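Peer 1: My questions will all concern the structure given below.
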Amino acid sequence: METKTPSPHRIQLLCGALAGPLFILIALIQDYAVPGFNPRIHLLSQLSLGEWGWIQIANFVLAGVLNLLYARGLWKKLHPGPSGTAGPVLIGIYGICLISVGIFTTDPANGFPPGVIALTQPSRHGVIHALGGLFTFVSLAAALMAFGRLFVTWKERWWAAYCLVSAALFLLIFFGGFTYADLMARTLRLATLIGWMAASVIAMKLLCTSESNK
């Protein structure tokens, strides 16, 4: 019996489906395995520092590459239909930003890495990391809104609501986290969980959606 080979765009959508859960799993393991790291007070990006920092750097870059492939699959799946340009382009920007925050690491803070004194002024790579992080969140939120428009067009009201509510919560928790410094590490993790997983859940949905909706 002949085995059907998956089309390239389905493999690329699968990359998007894996990107979020894989990133979160690797980060979660590090949260409790990296010596001296406390996820209640240390930001997720600080995992890129210290002796084991290469793991989180690779995690950011891998997530970025998977999302760039996801963007390519979205283009093939959706273009030139509703959100067929905005969705892929915004996910592509999201992927590029993830790679940038992996390459340009944040600065030491709150006693991590252990024994490293925090800088009095942000470093150049720390500033680039912060800007990259901001654009990561904003581009992903915009992508979720574009997917919401797509599902409205497809008359998938519950999926549209999921996308739009996820985008709103994602941004609210992200920007709200800066108001409460003591909770920032936890709120940014919650925002990451909501946004990264929403992007992957949408990829799973599109993998199960027939071409007739295009």
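Peer 1: When a footprinting reagent is the concern and you count Cβ atoms within 10 Å, what order do PHE37, PHE151, PHE178, PHE60 take, fewest first?
Peer 2: Values: PHE37 20, PHE151 23, PHE178 11, PHE60 28.
Exposure proxy ranking, most exposed first: PHE178, PHE37, PHE151, PHE60.
Peer 1: Compute the distance from the alpha-carbon center of segment 151-212 to that of segment 49-99, in whole Å.
Peer 2: Using only Cα atoms to place each centre, the spacing works out to 15 Å.
Peer 1: Another question, then. Can you compute the modelled spin-label distance between ALA33 and ARG186, with each label point 7 Å from Cα toward Cβ, in nm?
Peer 2: 2.5
Peer 1: On to the next question. I need the fraction of alpha carbon pairs in segment 63-103 separated by more than 13 Å, rounded to a whole percent. Spell out each step's value before the answer.
Peer 2: Working: 365 of 820 pairs.
Value for segment 63-103 (Cα pairs over 13 Å): 45 percent.
Peer 1: Ok, one more. Would you order ASP182, ASP31 from fewest to most other beta-carbon atoms within 10 Å of each residue's own beta-carbon? If you can, show how the numbers build up before the last one.
Peer 2: Values: ASP182 9, ASP31 17.
Final ranking by Cβ density, sparse to dense: ASP182, ASP31.
Peer 1: Additional query: Identify all aspartates and glutamates with a Cα-Cα distance to LYS205 below 13 Å; exclude those on the same chain that are fewer than 8 residues away in sequence.
Peer 2: The qualifying aspartates and glutamates are GLU156.
Peer 1: Between 0 and 90 degrees, rounded to the nearest ten: what's the tilt of helix 53-78 against the longest Cα principal axis of the chain?
Peer 2: The two axes meet at around 20 degrees.
Peer 1: Taking a quarter of the surface of the Cα convex hull of segment 1-97, what do you get in nm²? Each step should come with its number before you reach the end.
Peer 2: Working: hull surface 34.2 nm².
Average projection, Cα convex hull of segment 1-97: 8.5 nm².
Peer 1: Sorted by mean Cβ packing within 10 Å, highest first, what order do the peptides 61-74, 40-53 take? Write down the numbers at each step before the final one.
Peer 2: Details: 61-74: 23.8, 40-53: 18.9.
The densest-packed peptide leads the list: 61-74, 40-53.
Peer 1: If we restrict to alpha carbons, what Rg and Dmax does the chain come to, in Å?
Peer 2: My reading of the Cα-based Rg and Dmax gives 18.0, 67 Å.
Peer 1: Measure nothing but the geometry: give the 0 to 90° angle between the long axis through the Cα atoms of 8-33 and the longest principal axis through the Cα atoms of the chain, rounded to 10°.
Peer 2: Compared with the principal axis, the helix lies near 20 degrees.
Peer 1: How tilted is helix 157-177 with respect to the longest principal axis of the chain? Cα atoms for both, answer in degrees (0 to 90, nearest 10).
Peer 2: 10
Peer 1: Sorted by mean Cβ packing within 10 Å, highest first, what order do the peptides 111-118, 80-87, 139-146 take?
Peer 2: On the way: 111-118: 12.9, 80-87: 17.6, 139-146: 23.9.
The most tightly packed comes first, giving 139-146, 80-87, 111-118.
Peer 1: Further question on the same structure: Please report LYS155, LYS77 as a ranked list, fewest other C-beta atoms within 10 angstrom at the top and most at the bottom.
Peer 2: On the way: LYS155 9, LYS77 23.
Starting with the residue having the fewest Cβ neighbours, the order is LYS155, LYS77.
Peer 1: I would also like to ask the following. Assign unit charges at the C-beta atoms only (+1 for Lys and Arg, -1 for Asp and Glu), then state the dipole size of the chain relative to its Cα centre in Debye, rounded to the nearest 20.
Peer 2: Values: 14 positive and 7 negative charges, 140 e Å.
For this selection, approximately 680 debye.
Peer 1: Here's a follow-up. What is the distance, in nm, between label points placed 7 Å from the Cα along the Cα-to-Cβ direction at MET197 and at ARG124?
Peer 2: 4.0
Coordinate-derived values only; no laboratory data. Everything numeric here is computed off the predicted structure, so don't read it as measured data. Every residue, glycine as well, gets a Cβ built from its backbone with ideal geometry; the counts of neighbours run over all protein chains shown.
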